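To start, the structure under review is shown below, and the notes come after it.
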């Protein structure tokens, strides 16, 4: 007897699993079908439909007086809506907000919220409402046999299951909703564009989505902000019914200030100000000096951003704000709705329009058939009244004398039941006043109408033409120009942390034991800084706070870090070994900072070198990367900035006093490696440190070279350097006696200002 559910005292028992599953499924379908999703026919959820229908029943047409919202909601709740008053009123508010609905259905007096704060609407006892003119496209054909009726929540009244919409409102005003296991996000569209697509589809039933896309090129929000999604993305969205769109604020420039005049759909100006102010307070927006809200009734949106100076790249700043605030926003699109078959489904644009047109075709057919039935009924009654007119005396006698005149009239004059009732319903004095010509005139008029209706109902082409004319008439009556322009733009990208930094001068100081620090400014004397016991100054690099600094160890590996992350020069800094994973025992010997595309002369005192860019030295890896191949016994020379390659000469000096000058362009441009020979030095002598390259410098025709030897120096003009010119990789010529022990090289312009001491000491 297992599996049998016992019944005790007439009470049926269900397994808990079965009961809960059924209860959950019932609830899910209720939420989907009766709460969250719009119907393709009228584009309304049940609560919206009930509000609109109840307001029409209360006589709140566009020509009537406003009525207190509390009374209206009370009537809706009492008659049709089974939920709470706040939810019902919120739905009504939403349909009255011009910034939420593209074509509002409710016309309100009082505070119905603001674009800045849509939920700031007043309590319903303070607001008044009636229907807008546009609501007529949903209600105009209501009493013409066009709708199916169902019981309201308590079974006391009948309510329309779907309103007979004359336009595809589901696309025009859009919808959002969260159901169980699904959601809907339908953006608003332009009435004229959607109607044009419908007309094209009526004329060309096999029209492709690409053809329809020429008419409906994208959503049309109740804001003048730009839709910046690519056309391909929009087309794919309409094909599949799923996707997303991006909107961007409209920006003007006035006297150097940035003025925002339109915001994306449902974006709050206060929220934008809050987002920008938060970045300013966090010191992540140094290029903005001030922020103002100058919005008023004439200009609902006017946000002013004041740049710090006229040197600020406003386009770069705007791109950053678009990427980091709601000035640019993405909207999910999910065209999920209840179809004509009563089932929820995600549909593409073509499917929605075709299905709605079939709904409209059925609605118009029902309207015409309803009218035809009325006309036929009236013609039938007129035939009976004409018989009554022709036999008036006899009929009056029967009515006066007979106990059951109806059956006698039906038998005597071959009348139908309805005709006999119509004659009997007339008072005798009205019966005596019947006029043949009036009856016949009405008959002729109705006969003409009947023929017209039968012609329409009998021809699908004529029916389509009628629907097309009605669609165009509604588009002319309620349509308007597109508000949201479609402008294809690149998606904005936020500025990096480095780009947001102020460009302040920084001097990077490195000690012999590898401790580093950053001092503000370039007028720094590192010799006066305090160092750890046994430590001393090694080198310094002039950089900017928004630049990177590259450090080279004696093995030729390059490591980099941001200049603004360095510890303050007030202390003794911190060891580079804590920032990098350098090989054990290896010391840092050079550093450089520049723009990423800056050309550098990379060289070793073995007499080898090449041209590289600063970007080639940068590494995100803590272990760095190989930048140079250093021969045995050789040391790295500090990289030198190259202003231009052509018309620049490379000067190299060995410790034996030999100097070679050759064109810089003879050196190759490499990302890494050993490079080519600059000056000829034997590798064995370099290994034992007998001979090596002391220094190198870059000179042009308008520069002078200073050769420092002890306390003396030799000044060589461009004409003097001709003696030392030769091919790359040669030994060079000897310097004059007394200057063969070179300590360093310096380059000066002919005006006398030092343009850089690009050298190393002889002992390094």
Which condition breaks for residue 318 when tested against (1) surrounded by 14 or more Cβ atoms within 10 Å (Cβ to Cβ); (2) out of contact with any strand residue (DSSP E or B) (no Cβ under 8 Å at 6 or more places or on another chain)? (2)
Could you say which residue among 38, 82 is outside the structural domain of residue 263 (by TED's automatic domain parsing) and at pLDDT below 95? 82
In the set 475, 492, which member is in contact (Cβ under 8 Å) with a residue 12 or more places away in the chain, surrounded by 12 or more Cβ atoms within 10 Å (Cβ to Cβ), closer than 30 Å to residue 318 by Cα and not assigned by TED's automatic domain parsing to the domain that holds residue 389? 492
So which helices (runs of 4 or more DSSP H) stay within the range 8-109 end to end and still have 2 or more residues that are in contact (Cβ under 8 Å) with a residue 60 or more places away in the chain? 16-31, 46-57, 69-79
Kindly provide the set of residues from the range 615-640 that are touching a helix residue (DSSP H, G or I) at 6+ places or on another chain (Cβ under 9 Å) and within 23 Å of residue 695 (Cβ to Cβ), ordered by number. 627, 631, 632, 633, 634, 639
Residue in the range 564-578 that is assigned to a strand (DSSP E or B), touching a strand residue (DSSP E or B) at 6+ places or on another chain (Cβ under 9 Å), in the same structural domain as residue 516 (by TED's automatic domain parsing) and surrounded by 21 or more Cβ atoms within 10 Å (Cβ to Cβ) present: no
If you take the residues of the range 626-648 that are farther than 22 Å from residue 661 by Cβ and out of contact with any strand residue (DSSP E or B) (no Cβ under 8 Å at 6 or more places or on another chain), which of them is surrounded by the fewest Cβ atoms within 10 Å (Cβ to Cβ)? 632
Filtered residues of the range 669-706 (kept if over 55 Å from the mean Cα position of the chain (by Cα), within 18 Å of residue 648 (Cα to Cα) and in a strand (DSSP E or B)): 677, 695, 703, 704, 705, 706
Could you list, in sequence order, all residues of the range 585-599 that are surrounded by fewer than 22 Cβ atoms within 10 Å (Cβ to Cβ), on the phi < 0 side of the Ramachandran plot and more than 42 Å from the chain's Cα centre (by Cα)? 586, 587
Of the residues in the range 258-277 that are outside any helix (DSSP H, G or I) and in contact with a helix residue (DSSP H, G or I) (Cβ under 9 Å, 6 or more places away or on another chain), the one that is nearest to residue 228 (Cα to Cα) is 263
Tell me, yes or no, whether the range 612-624 has at least one residue that is more than 25 Å from residue 698 (Cβ to Cβ) and surrounded by 21 or more Cβ atoms within 10 Å (Cβ to Cβ). yes
Checking the conditions here, which among 543, 550, 582, 606 is surrounded by 15 or more Cβ atoms within 10 Å (Cβ to Cβ), touching a helix residue (DSSP H, G or I) at 6+ places or on another chain (Cβ under 6 Å) and not in a strand (DSSP E or B)? 606
Condition first: closer than 18 Å to residue 543 by Cβ and assigned to a strand (DSSP E or B). Can you find one or more residues in the range 619-639 that meet it? yes
Test result for residue 126, surrounded by fewer than 16 Cβ atoms within 10 Å (Cβ to Cβ) and assigned by TED's automatic domain parsing to the domain that holds residue 66: yes
Evaluate the range 333-350: report whether one residue or more is closer than 30 Å to residue 31 by Cα and part of a helix (DSSP H, G or I). yes
Taking residue 362, is it assigned to a helix (DSSP H, G or I), surrounded by fewer than 16 Cβ atoms within 10 Å (Cβ to Cβ) and either in contact with a strand residue (DSSP E or B) (Cβ under 7 Å, 6 or more places away or on another chain) or modelled with pLDDT under 95 (or both)? no
So, residue 525, is that one free of Cβ contacts under 8 Å to residues at least 60 places away in the same chain, loosely packed, with under 14 Cβ neighbours inside 10 Å and farther than 30 Å from residue 173 by Cα or not? yes
Single residue of the range 464-518 satisfying the filter (closer than 30 Å to residue 286 by Cβ, assigned to a loop (DSSP other than H, G, I, E, B) and in contact with a helix residue (DSSP H, G or I) (Cβ under 7 Å, 6 or more places away or on another chain)) that is modelled with the lowest pLDDT: 501
Every listed condition ((1) within 26 Å of the chain's Cα centre (by Cα); (2) assigned to a loop (DSSP other than H, G, I, E, B)) holds for residue 170 save (2)
From (1) within 19 Å of residue 561 (Cα to Cα); (2) buried (at least 19 other Cβ atoms within 10 Å of the Cβ), pick out the condition that doesn't hold for residue 652. (1)
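The values are calculated or read from the model by the stated rules, or taken from the named source; none is laboratory data. These numbers come from a predicted model, not from an experiment. Please note: Cβ atoms are built from the backbone with ideal geometry, for glycine as well, and neighbour counts cover all protein chains shown.
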